[in-house]
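Q: Please read through the structure below; I'll follow up with questions.
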Amino acid sequence: MTKSAILLESVTKYYDLYTRALNSVSLAISEGDWVSIIGPSGSGKTTLLNIMSGLDTASSGTIRVNETDITGLGQNMLTRFRRENIGLIFQQYHLIPYLTALENVMVAQYFQGTVDKEAARVGLENVGLGHRIEHRPSQLSGGEQQRVCIARALINKPNILLADEPTGNLDLKNGEIVMEIIRKLVNEGHTVVIVTHNMDIAKQSRRIIEMVDGKISADSTPILTASVSARMEHRP
Amino acid sequence: MATSVEEALSFTKNIKLCLENDARCEPTNVNILIKLVKLYNYDKSLRAGKMFLRIVSKSLSKRRSRVAIAMVAVLMGAAMASGLLTVSSGMQDKLGKEFRKFGSNILVVPKSDRIEVGFPGISFGSVTEGQDVVLAGTYFDKTFPDLVTNGEVWRTGIRKIAPYWNVEGSWIEDNNDDQSAIAGISVAEKLNLRLGDYIALSYQNPENKNVSSERLKVVGTLNTGGSEDSQIFVALPNAQKISGRLGMVHSVQVSALCVECPAELIGAEIEKKLPYTQAKTVKQLVRAETLIMDQLGQMMLLITIVALAASGIGVMTTTMTTVMERRKEIGLMKSIGAENLKIASIFLTESVIIGFGGGVLGYFLGNILAQYMAESVFHAPISLVLYILPVTVGVSLAVTVLASLLPVRRATRIEPAIVLRGE
């Protein structure tokens, strides 16, 4: 039986008394799986992703990542756990503006405790940016910035990658380059969870979870997603 | 060390055995392994340190204007602290010298008060026609061989220790002058004396009742505003001759200048060196000196504290603004694995650099300020005090770090999930 990389049991998240972002969500994501989370804005996709990564905490329920119960961990423990187990990819890239591409990758190494310039350089080469390592984010295109973000997410060799709209700010060509890298990572055995609005991206994954009003409304494999897609497209 | 490929391979294999705790591991290799681990750890720390400095330096250079504002805030406080400290340290010396212009602060008298020869407050009986005045003998200007510097001349006398004495006419220049007298302004007015007039003195020895007479020319009139105005002054040897007490004195006035030590201490030292004497401090003057010094010191301390507090508030505001501006960056750092300590260390190191820079620059600016103050108040330059440099830098660092604590706390409380989604 395949082990669960991420296991959520009855996870509920309240932002305040009246705002419930997640409503008793239970979900198991196997190691090496590629899952897309889709749903309309405000449905709880990003909250779910943040709770998986430990960036946010649940109001109730249990979260296990790589067989570690992270539910009750304090902020510093969660940070430590995250940097060793999870790579994060953001829609806005979130690169440090005054550091070069290489340094943006090395900064993740620094927080991990092992700075290796050569490894960071190889990491950037793997995403096709070997020639842009000394450029600052403002000197890079959106696609290149996203690839730096991916290189940074991978540099500490996490086995789980969580991506929030990784192609959301990219044109078709750059989006495809990023998706190619993600496909490669999945083939290498990484567990990948992507939050997306783009059905074409979602269809490339092995499993699609649809969120509505903080609940999982559908959980399917791409071959069965035509109806899900149709429903999304007809939602006002 | 390995010298060939085979040796290198064998060495590597042995190291591998050591790592696997295999019994075949050679003990010498364990030591090499320990050294390698140490070297690796050292290298790891070095690289982490370099990366840390790179983050801090680039962050500072990216926000030059904010850094400059914070540094100016520190610089102002540091300059004020340094300037006032420099003035304060030089002021004690200079104010002490200023106070010495008001006369002696120690009076040395015999323990047994039997010798009555001439000094303020001691009456000689009837010295003029129907008018009793005090006759005082003193050195007006006297040089001695300097016992401390051995060979140089040490100059003293009433003109040196009481520069506020205002003499119209001329001073008695020669200490052996037995023809001249200086009359206090009140005596001169009562006796209607003018410069060049002669006065006849008669003195009755209280022991043998013998009466001696002298005729002295008034060469000057004295106006001090004090008890001296009611006295007649002659050269000390002349007073000793008139009173028949050659080589004797009743009291010695000492104008003691000692920075940061009470006049009582010098008095005690005099009593130790001159047995049978009593060294009394002129308490009013000493107290006034101490009071003024203390009050000036307190005022400067207050100004310094206010200036440092103002610069602390400046640094706090700037750092708080910086934290707010860098919320996303902080959130990002946390999301990719930075613990609170690492976030805090980045901000505090930036503060330390700003505090150090501001402190050093403030020290030099403070010195310029101190020079200006010394020139305008004391009309003399003030010397550079080096120990104030580490004090100023230390205080600046303390103020900067303290002022940064609240913003840093705010930084560590930033929730990455919230700031990264743009709220």
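Read-outs: derived from the displayed coordinates by stated rules, not from any lab. Bear in mind the structure is a predicted one, so any value in this text is a computation, not a measurement. All Cβ positions, glycine included, derive from the backbone under ideal geometry; neighbour counts span all protein chains shown.
Q: Go through B:I330, B:T392, B:I382 and say which Cα lies farthest out towards the positive end of the charge dipole of the stretch B:281-407; charges sit on Cβ, +1 for Lys and Arg, -1 for Asp and Glu.
A: Highest projection toward the positive end goes to B:I330.
Q: So in the protein assembly as shown, what percent of DSSP beta bridges are antiparallel if you round to the nearest 5?
A: That works out to approximately 65 percent antiparallel.
Q: Cα atoms only: what Rg and Dmax, in Å, come out for the protein assembly as shown?
A: Cα radius of gyration and Dmax of the protein assembly as shown are 44.7, 142 Å respectively.
Q: Something else now. At what distance in nm do the modelled label points of A:E176 and B:R287 sit from each other, each positioned 7 Å from its Cα along Cα→Cβ?
A: Going from the A:E176 label point to the B:R287 one covers 9.8 nm.
Q: Rg and Dmax of chain B, using alpha carbons, in Å: what are they?
A: Looking at chain B, its Cα Rg and Dmax stand at 38.4, 126 Å.
Q: Restricting attention to the stretch A:1-81, which trypsin sites (Lys or Arg not before Pro) occupy a DSSP loop and are surrounded by at most 13 other Cβ atoms within 10 Å?
A: For trypsin sites (Lys or Arg not before Pro) across the stretch A:1-81 that sit outside H, G, I, E and B with at most 13 neighbouring Cβ atoms in 10 Å, the list reads A:K3.
Q: In nm², what is the average projected area of the convex hull enclosing the Cα atoms of the stretch B:235-387?
A: 16.1 nm²
Q: Once you charge only the Cβ atoms, +1 for Lys and Arg and -1 for Asp and Glu, what is the size of the charge dipole of the protein assembly as shown about its Cα centre, to the nearest 20 debye?
A: Taking the Cα centre of the protein assembly as shown as origin, the dipole is about 1760 debye.
Q: Continuing with the same structure: Return the single residue from B:I32, B:I182, B:I199 with maximal mean-square fluctuation; model: Gaussian network over chain B, springs between Cα atoms under 10 Å.
A: B:I32
Q: Let me ask something else. What is the sum of charges, Lys and Arg at +1 and Asp and Glu at -1, for the other residues whose Cβ falls under 13 Å from the Cβ of B:I172?
A: Every neighbour counted, the sum reads -2.
Q: Let me ask something else. Return the percentage of antiparallel bridges among DSSP beta bridges fully within the stretch A:91-236, rounded to the nearest 5 %.
A: Taking every DSSP beta bridge within the stretch A:91-236, about 50 percent pair in antiparallel fashion.
Q: Nothing charged except the Cβ atoms of Lys and Arg (+1) and of Asp and Glu (-1): what's the magnitude of the dipole of the stretch A:147-220 about its Cα centre? Round to the nearest 20 debye.
A: It comes to approximately 320 debye.
Q: Which residue fluctuates most in the GNM of chain B (Cα springs below 10 Å): B:R287, B:R47, B:R63?
A: Evaluated over chain B, the most mobile residue of the options is B:R47.
Q: Let me confirm one metric for peptide A:104-110, namely the mean number of other chain beta-carbon atoms within 10 Å of its residues' beta-carbons.
A: Mean partner-chain Cβ count within 10 Å for A:104-110: 6.
Q: How many Å³ per residue does the convex hull of the Cα positions in the stretch B:166-289 occupy?
A: About 148 Å³ per residue, rounded to a whole number.
Q: Using a Gaussian network for chain B with springs between C-alpha atoms less than 10 Å apart, which of these wobbles most: B:L402, B:L389, B:L53?
A: B:L53
Q: Rounding to the nearest 20 debye, state how big the charge dipole of the stretch B:179-300 is about its Cα centre with +1 on each Lys and Arg Cβ and -1 on each Asp and Glu Cβ.
A: 520 debye
Q: Taking the Cα centre of chain B as the origin and placing charges on Cβ (Lys, Arg +1; Asp, Glu -1), which of B:L39, B:V218, B:L302 is farthest toward the positive end of the dipole?
A: Among B:L39, B:V218, B:L302, the one farthest towards the positive end of the dipole of chain B is B:L39.
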